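Input: a single structure, listed below in structure tokens.
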Amino acid sequence: MRPTIIIVCNRCGGLLMALEDQKTKICSYCGTRVDVRRAKKVAAAESAFEASKILRDIKSRKGFSRE
Ligand SMILES: [Zn+2]
């Protein structure tokens, strides 16, 4: 398992999962290349599976939906 972090896209504010040692991540919402190390980190998890659970939790708490 590789540590997975949850970061915020600096352009659209979307929540993204990235590997801790990953340099960049393409935002799945707006397509921007996000610098993982400079992005705001909201959570860290032990695995991608854990991270996706945390991500779901954050989204449901914030009501993260603009549609
Ligand atoms: Zn974005």
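General observations
- Inside the stretch 12-47, residues that are at pLDDT 95 or above and acidic (Asp, Glu) make up a count of 2.
- Taking the criterion of being at negative phi and near the ligand (Cβ under 9 Å from one of its atoms), the residues of the stretch 9-25 that qualify are Cys9, Asn10, Arg11, Cys12, Gly14, Leu16.
- Taken over the stretch 5-24, the criterion of being within 20 Å of Lys62 (Cβ to Cβ) and either open to solvent by 60 Å² or more (accessible area, probe 1.4 Å) or in contact with a Pro (Cβ under 8 Å, 6 or more places away or on another chain) (or both) is satisfied by Asn10, Arg11.
- You will find that of Arg33, Arg56, the residue that is within 13 Å of the ligand (Cβ to nearest atom), without any contact (Cβ under 8 Å) to a residue 12 or more places away in the chain and open to solvent by 90 Å² or more (accessible area, probe 1.4 Å) is Arg33 and no other.
- Residue count, the stretch 36-53 (criterion: open to solvent by 70 Å² or more (accessible area, probe 1.4 Å) and within 10 Å of the chain's Cα centre (by Cα)): 2
The values are calculated or read from the model by the stated rules, or taken from the named source; none is laboratory data. Keep in mind that this is a model prediction, so the values were computed, not measured. We place every Cβ from the backbone using ideal geometry, glycine too, and count neighbours over all the protein chains shown. Side chains are part of the model used for accessible areas, which takes the heavy atoms of the whole protein and leaves out ligands, DNA and RNA. Shrake-Rupley method; radii C 1.70, N 1.55, O 1.52, S 1.80 Å.
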